[in-house]
């Protein structure tokens, strides 16, 4: 874990107390994002992807959750202990975030231009007309053909892709070191999705920003991310460079996920499904959370498998007893 | 009016000014239109009372006491010979001015307090909400009467009393909206861009909480006029010889068996005005908040 990491999360555990017990949303998440790197986090609903992002941004409702262990650091600064004032300074200027639903991420009663000017002026000492020029420049930078018209529009007058471009323009407006993208393209159709993703990658590279990209879409990850973390039931089960994970997945969950990709199945063939369902996060088993669905289940799975390196360079890890046995042999 | 536009996009929208669209929607509902017409008539009467009144409303003429409606005295005369029609025209000033004072003051104070309370949460929220609970736990008419009586009988004190009692309704409404808006994506997105709490209230919460508050306010106009009339009726509102509808109904009660017109006409004035406000308020609610329609 080098000090130069933009974001380093170490064994983060977090739960939401409920009546009698707690929803154990994160059970030891370890991940890091290096400068200029695009890192994917994949997993199904409820695997803790979004909670991780929200916890890092400290956007979870105060009092509703409890951090039970681990740490999260942004450029060496402890995010979990930072004051609200510090977080206000960080958000927008150093870390920006865009959301799944570009439909609802803009205030419906304000013109797009007004909202952009407001955000820009919040972080920079600019006059109103300067800020307006800056907003136009930002939109043009996002390959928006007619920035003037977009600025005069209300959000509901824009398409989903256009709204997400506006969000990207806002996110990049203050040159953040890290952009957290929480399923930014889920609500868009495939062609627009591709345009937005390419735009995001291009701008991130151009502006030297790292991206933490949260998605449930393996196909998107494979085209887009440098490294990937696979999450299951609130913990990372496998990580590594995207190409290697895609070509040779090791953890049985990753293998099953990749087999379930529609384009890997011959046409008219049945798409493989993973038997069983995600464990109830209020009653997690003591051992491996995937054990009940795993084809390789064995006695050792009664205890939790740690993340162990799979190669000499320490670039790939997996948390599985079966894989460990194999590597050990 | 952009709110109205955003709320209903299924209807073919005529291009042009947003107000044009608003007018187009109002025209489609005869009851809303009727309400609007009544409100406009009452406003016109209030402004033009000196021109419209055939007699001096305070001119005592003991030779013509308690006359029935006729060509000279359209609504008849009262026990000291004053023309009831003129007095009703002038009486609109009291009722409307009460509504024009109470609704904006209670609405603005209540909404600010409620948005603040809902957005900030914590101890401040608890204190504000318990205070509103206390006010709302007493029936509002009784509390208004008690307050007005304690302040002393005058029109201004009656207005103050009604305002104080109306504020909690707006606080609750605005707080509920604030709690809702606080969890919406655009507020969350604004927070990720580093927006402060005060900025969230000012920029996002207040504006988007507005539609139900506007509806509540229009519906309150009718209620406030009724309340003012009720206070006038028991002698806690405008004082003699000022013409005031509630007080006129109260005095007319003594003569109700033989001189029905004395109470009936001011009563009708109250009824029609309050009904006009409520009809318009209902129509506005359908327009601004379609989910509530028909409820």
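Within segment A:203-211, is even one residue assigned to a helix (DSSP H, G or I), under 19 Å from the mean Cα position of the chain (by Cα) and surrounded by 20 or more Cβ atoms within 10 Å (Cβ to Cβ)? Within segment A:203-211, one or more residues are assigned to a helix (DSSP H, G or I), under 19 Å from the mean Cα position of the chain (by Cα) and surrounded by 20 or more Cβ atoms within 10 Å (Cβ to Cβ). Checking A:89, A:113, A:40, A:70 one by one, the residue that is on the phi > 0 side of the Ramachandran plot and either more than 14 Å from chain B (Cβ to nearest Cβ) or assigned to a helix (DSSP H, G or I) (or both) is A:70 and no other.
Considering only residues in segment A:116-125 that are facing chain B (nearest Cβ under 7 Å) and surrounded by 19 or more Cβ atoms within 10 Å (Cβ to Cβ), the one that is nearest to residue A:193 (Cα to Cα) turns out to be A:119.
Among the residues of segment A:92-110, those that are touching a helix residue (DSSP H, G or I) at 6+ places or on another chain (Cβ under 7 Å) and not in a strand (DSSP E or B) comprise A:92, A:93, A:99, A:101, A:102, A:103, A:104, A:105, A:106, A:107, A:108, A:109.
For segment A:232-249, the set of residues classified as in contact with a helix residue (DSSP H, G or I) (Cβ under 9 Å, 6 or more places away or on another chain) and surrounded by fewer than 24 Cβ atoms within 10 Å (Cβ to Cβ) consists of A:242, A:243, A:246, A:249, listed by residue number. Residues in segment A:169-192 that are out of contact with any helix residue (DSSP H, G or I) (no Cβ under 6 Å at 6 or more places or on another chain) and more than 14 Å from residue A:214 (Cα to Cα): 7 in all. When segment A:126-145 is limited to residues that are in contact with a helix residue (DSSP H, G or I) (Cβ under 9 Å, 6 or more places away or on another chain) and either at positive phi or outside any helix (DSSP H, G or I) (or both), the one that is surrounded by the fewest Cβ atoms within 10 Å (Cβ to Cβ) turns out to be A:127. Taken over segment A:164-186, residues that are outside any strand (DSSP E or B) and within 11 Å of chain B (Cβ to nearest Cβ) amount to 7.
Residues in segment A:94-105 that are surrounded by 23 or more Cβ atoms within 10 Å (Cβ to Cβ) and either more than 20 Å from residue A:179 (Cα to Cα) or at the interface with chain B (Cβ under 7 Å from one of its Cβ atoms) (or both): A:96, A:97, A:99, A:105. Residue count for segment A:184-198 satisfying the condition of being modelled with pLDDT of 85 or more and surrounded by 18 or more Cβ atoms within 10 Å (Cβ to Cβ): 3.
Does residue B:230 meet the test of being under 26 Å from the mean Cα position of the chain (by Cα), more than 30 Å from residue B:145 (Cβ to Cβ) and more than 10 Å from chain A (Cβ to nearest Cβ)? No, not satisfied. Scanning segment A:148-161 for residues that are crowded, with 21+ Cβ neighbours inside 10 Å and away from chain B (no Cβ under 11 Å) yields a single hit, A:150. The residues of segment B:147-159 that are surrounded by fewer than 17 Cβ atoms within 10 Å (Cβ to Cβ) and either touching a helix residue (DSSP H, G or I) at 6+ places or on another chain (Cβ under 8 Å) or not in a helix (DSSP H, G or I) (or both), listed by number, are B:151, B:152, B:153, B:154. Of all the listed residues (A:61, A:67), the sole one being under 20 Å from the mean Cα position of the chain (by Cα), at pLDDT below 85 and under 20 Å from residue A:22 (Cα atoms) is A:61. The set of residues in segment A:298-308 that are surrounded by 13 or more Cβ atoms within 10 Å (Cβ to Cβ) and outside any helix (DSSP H, G or I) comprises A:304, A:305, A:307, A:308. Scanning segment B:189-199 for residues that are buried (at least 20 other Cβ atoms within 10 Å of the Cβ) and either under 13 Å from residue A:107 (Cβ atoms) or more than 7 Å from every other protein chain (Cβ to nearest Cβ) (or both) turns up B:189, B:190, B:191, B:193, B:195. Please work out if residue B:83 is more than 14 Å from chain A (Cβ to nearest Cβ), touching a strand residue (DSSP E or B) at 6+ places or on another chain (Cβ under 8 Å), at pLDDT below 85 and surrounded by 13 or more Cβ atoms within 10 Å (Cβ to Cβ). For residue B:83, the condition - more than 14 Å from chain A (Cβ to nearest Cβ), touching a strand residue (DSSP E or B) at 6+ places or on another chain (Cβ under 8 Å), at pLDDT below 85 and surrounded by 13 or more Cβ atoms within 10 Å (Cβ to Cβ) - is not met. For residue B:206, indicate whether it is touching a helix residue (DSSP H, G or I) at 6+ places or on another chain (Cβ under 6 Å) and farther than 22 Å from residue A:84 by Cβ. In short, no. Of the residues that make up segment B:205-212, is at least one within 14 Å of chain A (Cβ to nearest Cβ), buried (at least 24 other Cβ atoms within 10 Å of the Cβ) and either modelled with pLDDT under 85 or more than 25 Å from the chain's Cα centre (by Cα) (or both)? No, segment B:205-212 has no match at all. All conditions in (1) over 30 Å from residue A:19 (Cα atoms); (2) without any contact (Cβ under 8 Å) to a residue 40 or more places away in the chain hold for residue A:310, with the sole exception of (2). Output yes when any residue across segment A:82-93 is surrounded by 18 or more Cβ atoms within 10 Å (Cβ to Cβ) and within 21 Å of residue A:227 (Cβ to Cβ), and no when none is. No, every residue in segment A:82-93 fails to be surrounded by 18 or more Cβ atoms within 10 Å (Cβ to Cβ) and within 21 Å of residue A:227 (Cβ to Cβ). Based on what the data block shows, is residue A:177 free of Cβ contacts under 8 Å to residues at least 40 places away in the same chain and either within 17 Å of the chain's Cα centre (by Cα) or on the phi > 0 side of the Ramachandran plot (or both)? So residue A:177 fails the test.
The values are calculated or read from the model by the stated rules, or taken from the named source; none is laboratory data. Predicted model only: the values in this text are computed from it and were never measured. Cβ sites come from the backbone with ideal geometry, for glycine too, and all protein chains shown count toward neighbours.
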